[in-house]
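The values are calculated or read from the model by the stated rules, or taken from the named source; none is laboratory data. What you see is a predicted model, and the numbers here were worked out from it, not measured in a lab. Note: ideal-geometry Cβ built from the backbone for every residue, glycine included; neighbour counts use all protein chains shown.
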Amino acid sequence: MKESCSRRTFLKLGAALVSGGVAASAPRAASGMGFRPAVADDVVTTGRGYCPFCQVRCTYEARLRNGRVESLSGLVGNRWTGGAMCPKGLSILELMRSPERLTHPLRRLPSGQWERISYQDAVELTAERLLACMRAHGDKAGDRVAMTMPLWDCRESEIAALLALRAAGSVHAMPPGESCVSSASNMLGDMLGVYSGTVKVHEVLKTQTLVLWGANVAELYPPYSRWLAQAAARGVRIIYIDPRTTRTSALAHTQLRPRPGTDGALAAGALRAILAGGAYDPEQARALLDGFDQLAGDVERYTPEMVSAATGLGLEETRAFYDALAKSPRTIVWLGGSLSRYTNGITTLRAIILAQALRGNVIGEGRGLLTFQSGKPDGDEEFVDHFFGPTQRRKMNFRRLRSAMRRGNLDVLFLNSSYRRYPDAKGTLADLKKIPFIAHMGFFMTEECEAAHLFIPATFGPESAGTGYGNEQQVVWRDQLETPPGECVPGWRFYRDVGRLVDPRRYPDFADPEDLYRQFAAVVPSWKGMDLDALRASPDGLVWPLYARGDAERLDCVFRDGRLLTPDGRMKVVDGLFGRVSEWDYPRGYPGGKDGSAEFPLVLLQGKVLWHWQQTLTNFSPSLAEFSAGRLVAVHPETARAYGLRQGDRVMLETSAGALEGWVDVSETVLPGMVFTPSHLGATAPLERNRGEHINTILPNYWDRISCQHNGVGCRLRSLERA
């Protein structure tokens with residue numbers, strides 16, 4: 001029998017459940033590591049898996065009782081994590097058991113109500129939509145089909161989805177990095193020939209100076225805090241650059257707190273100081289840097305005085321930082337995702353990479369660059385091309401995709417990741433509603449369902465098998481530990497079944513993730529040595545690439561022959577597309593910048609916090625909600641006094657794009673003149689402490705040449721206490 005309910009009814013039901021104590025009735029053992037003693041009839045077993053959230057990719061051991069997972073604990077022996085897991089990963093079981101979880105496919109009716117349908121009906125409906133688009137538009141149909149990545153299930157699900165896209169003639173898979181690390185990844189690729197970190201994290205133990213440039217390790221990658229502690233114990237000097245004081249501050253020897261969005265001036269000043277002080281090898285620099293002779297002129301204006309004025313840093317601390325860089329024989333810079341979240345991020349990142357190169361700190365032991373949210377191994381396109389042939393289609397980014405939505409030129413969208421990851425989320429939703437068919441694969445009735453026409457219930461990690469990849473390009477395996485509820489299906493199965501209906505001749509047939517993994521490793525040369533049995537046996541997997549079984553993992557600098565991986569082995573000082581360091585300016589919309597407005601004099605920052613990661617998932621964990629502060633608006637005491645605000649006051653946080661309500665947290669963890677607010681809240685979160693309009697609903701739709709940007713725009717505060 002078919003069941004239906006309206007979204008409004010669903011939300012009312014959610015509110016009623018919250019008021020009745022969802023948190024109290026949730027399974028408390030789900031987020032902890034404790035378990036009850038076994039009794040005579042119990043069958044207690046263990047299994048392995050990995051956390052799907054950040055790319056530390058923690059592995060865990062699961063304890064099962066009678067075939068049902070009852071607790072998780074970090075897997076001892078994992079060389080990257082040391083057996084740790086953070087609160088986000090430990091919430092997986094609560095999310096699996098959530099009373100809010102949807103477990104059957106739903107189709108939205110013209111009335112707006114949701115109708116329960118079978119899984120097979122959902123697959124056939126999706127395939128027919130794709131086939132109809134192909135019949136109507138012929139060889140242009142591929143530009144009318146797109147997908148937002150990633151899939152939460154496993155790497156095999158991502159591959160199956162890319163294959164399904166190509167079956168429909170499309171290559172338009174939107175990478176999640178467009179809203180977090182795309183600028184860093186592309187600059188590393190453009191300048192060094194490698195799109196992720198040049199060293200593994202253990203190299204921080206071999207360096208002399210570690211610069212955490214916007215890298216809030218302790219809160220975003222908690223298990224990696226161990227590397228900072230070990231490095232400090234070995235005498236490594238840790239310099240942390242961040243306008244906020246965070247948990248990472250306690251792990252650093254020195255912290256610089258520049259004004260948000262001014263890191264580029266600080267980095268360009270470092271280049272000038274290195275050149276002026278002669279702290280470089282001229283012969284080596286000319287050999288490595290294409291355009292070296294132009295560099296001095298590009299950075300001439302970035303004197304310590306100019307940098308101090310731009311960043312708000314003291315003149316002496318600025319000079320001390322430059323002196324530390326100039327005197328350090330081995331330096332690693334860890335690039336935080338925050339650097340990519342300003343419209344001037346490209347210039348900033350280029351300056352930092354150039355400074356590392358000028359000092360000879362790109363190639364060699366204890367030298368290099370680390371990143372956040374990178375590490376994706378190559379090979380996906382090789383594998384897809386093996387079945388469908390190479391294609392010359394140019395991939396769209398989300399900015400072009402949104403333009404296609406607005407013009408009515410998109411027929412089918414697979415909405416996997418949240419549209420709320422993009423600025424101007426309200427405008428994005430309005431454009432999404434112009435698409436005739438959106439299939440959303442998820443877990444809960446989130447804002448994405450407001451745009452979707454079809455909901456496919458997904459599986460959580462312990463309910464399906466497959467591989468995941470981490471920041472060190474390690475690949476880990478996860479076994480299926482328990483049966484998913486209802487008709488929840490892993491992404492690989494849904495996209496395989498759709499793809500086989502759309503193009504049964506070319507779409508590869510595979511039975512499960514293990515089968516697909518073996519096919520992939522047989523086709524892609526860099527995976528031929530990634531033996532699945534060895535992967536299963538290891539607590540932290542294998543590090544890609546391995547070209548043959550028995551090959552040693554590549555754990556040192558990626559530049560194994562001592563040269564960059566760019567076509568000519570050199571780095572461009574001046575780039576025709578990405579410009580030069582001399583072009584640095586304040587971010588778009590920045591107060592005091594060339595397009596800033598006096599109406600919005602405060603600088604707005606948003607970001608992740610220790611207790612939450614992706615807003616579509618962890619908001620549904622009762623245990624994590626206990627640590628949520630809701631829509632806090634952190635301001636410095638000076639800012640609070642200027643606005644007549646007190647701790648706990650209700651305010652409207654306003655930008656040129658909109659406003660939302662929050663509460664004031666007066667704190668010296670932020671600088672005067674700036675505002676910080678967390679990014680995880682969602683309007684449909686069932687737990688009140690996590691419920692609220694997403695911050696991206698009031699951020700303007702700003703992009704640099706590569707990616708959408710979230711930070712550095714102007715804002716203001718309006719008190720509601722005396723309104």
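So the check is Cβ under 6 Å with 6+ separation or different chains; which pairs have a first residue in the stretch 128-155 that's farther than 29 Å from Thr467 by Cβ and a second one that's modelled with pLDDT of 95 or more and hydroxyl-bearing (Ser, Thr, Tyr)?
So the pair list comes out empty.
Of all residues in the stretch 573-606, which are outside any loop (DSSP other than H, G, I, E, B) and out of contact with any strand residue (DSSP E or B) (no Cβ under 7 Å at 6 or more places or on another chain)?
Across the stretch 573-606, the qualifying residues are Asp575, Gly579, Val581, Ser582, Glu583.
Taking the stretch 276-300 on its own, how many of its residues are over 33 Å from the mean Cα position of the chain (by Cα), closer than 18 Å to Pro329 by Cβ and part of a helix (DSSP H, G or I)?
5
Quick one: how many residues across the stretch 479-501 are surrounded by fewer than 22 Cβ atoms within 10 Å (Cβ to Cβ), more than 30 Å from Arg65 (Cβ to Cβ) and in contact (Cβ under 8 Å) with a residue 60 or more places away in the chain?
2
What residue, among those in the stretch 403-416 that are crowded, with 23+ Cβ neighbours inside 10 Å and in contact with a Phe, Trp or Tyr (Cβ under 9 Å, 6 or more places away or on another chain), is modelled with the lowest pLDDT?
Checking each candidate, the answer is Asn416.
Just the residues that are within 28 Å of Asp561 (Cα to Cα), of a type in the set (Gly, Ala, Ser) and under 28 Å from the mean Cα position of the chain (by Cα), please, taken from the stretch 318-363.
Correct list: Gly336, Ala351, Ala355, Ala357.
Can you spot a residue in the stretch 633-644 that is crowded, with 19+ Cβ neighbours inside 10 Å, among the small types (Gly, Ala, Ser) and not in a loop (DSSP other than H, G, I, E, B)?
yes
Without any contact (Cβ under 8 Å) to a residue 60 or more places away in the chain and assigned to a loop (DSSP other than H, G, I, E, B) - does that describe any residue in the stretch 450-470?
No, the stretch 450-470 has no match at all.
Could you say which residue among Val670, Val651 is assigned to a strand (DSSP E or B), aliphatic (A, V, I, L, M) and in contact with a Lys or Arg (Cβ under 7 Å, 6 or more places away or on another chain)?
Val651
Mind checking which residues of the stretch 485-499 are in a loop (DSSP other than H, G, I, E, B) and out of contact with any strand residue (DSSP E or B) (no Cβ under 8 Å at 6 or more places or on another chain)?
Passing the criteria: only Pro485.
Mind checking which residues of the stretch 406-429 are within 24 Å of the chain's Cα centre (by Cα) and assigned to a helix (DSSP H, G or I)?
Passing the criteria: Tyr419, Arg420, Arg421, Ala425, Lys426, Gly427, Thr428, Leu429.
In this structure, is Arg101 in contact (Cβ under 8 Å) with a residue 24 or more places away in the chain, of a type in the set (Lys, Arg) and part of a loop (DSSP other than H, G, I, E, B)?
Considered against the rule, which asks whether it is in contact (Cβ under 8 Å) with a residue 24 or more places away in the chain, of a type in the set (Lys, Arg) and part of a loop (DSSP other than H, G, I, E, B), Arg101 comes out as yes.
For residues in the stretch 239-263 being without any contact (Cβ under 8 Å) to a residue 40 or more places away in the chain and buried (at least 22 other Cβ atoms within 10 Å of the Cβ), which is farthest from Gly74 (Cα to Cα)?
By that ranking, first place goes to Ile241.
Quick check on the stretch 597-616: of everything there that is over 28 Å from the mean Cα position of the chain (by Cα) and not aliphatic (A, V, I, L, M), which residue is surrounded by the fewest Cβ atoms within 10 Å (Cβ to Cβ)?
Glu599
Looking only at the stretch 417-474, how many residues end up being acidic (Asp, Glu) and in contact with a strand residue (DSSP E or B) (Cβ under 8 Å, 6 or more places away or on another chain)?
Of the residues in that region, 3 qualify.
Across the stretch 517-552, what is the total count of residues that are in contact with a Ser or Thr (Cβ under 7 Å, 6 or more places away or on another chain), without any contact (Cβ under 8 Å) to a residue 24 or more places away in the chain and within 21 Å of Trp492 (Cα to Cα)?
Total satisfying the criteria: 0.
Six or more apart or on different chains, Cβ atoms under 9 Å: show the pairs whose first residue is in the stretch 349-361 and polar (S, T, N, Q) and whose second is at pLDDT below 95 and part of a helix (DSSP H, G or I).
Every condition considered, no pair remains.
From the list Ser170, Ser118, Ser98, pick out the single residue that is at pLDDT 95 or above and surrounded by fewer than 21 Cβ atoms within 10 Å (Cβ to Cβ).
Result of the check over Ser170, Ser118, Ser98: Ser118.
Can you spot a residue in the stretch 559-571 that is in contact with a Pro (Cβ under 9 Å, 6 or more places away or on another chain) and modelled with pLDDT of 95 or more?
No; the residues of the stretch 559-571 include none that is in contact with a Pro (Cβ under 9 Å, 6 or more places away or on another chain) and modelled with pLDDT of 95 or more.
Here's the yes/no breakdown for (1) assigned by TED's automatic domain parsing to the domain that holds Tyr322; (2) in contact with a Pro (Cβ under 8 Å, 6 or more places away or on another chain); (3) within 25 Å of Pro545 (Cβ to Cβ):
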residue: Met149; (1), (2), (3): no, yes, yes
residue: Ala164; (1), (2), (3): no, no, no
residue: Ala168; (1), (2), (3): no, no, no
residue: Gly189; (1), (2), (3): yes, no, yes
residue: Val199; (1), (2), (3): yes, no, yes
residue: Ala215; (1), (2), (3): yes, no, no
residue: Tyr224; (1), (2), (3): yes, no, yes
residue: Trp227; (1), (2), (3): yes, no, yes
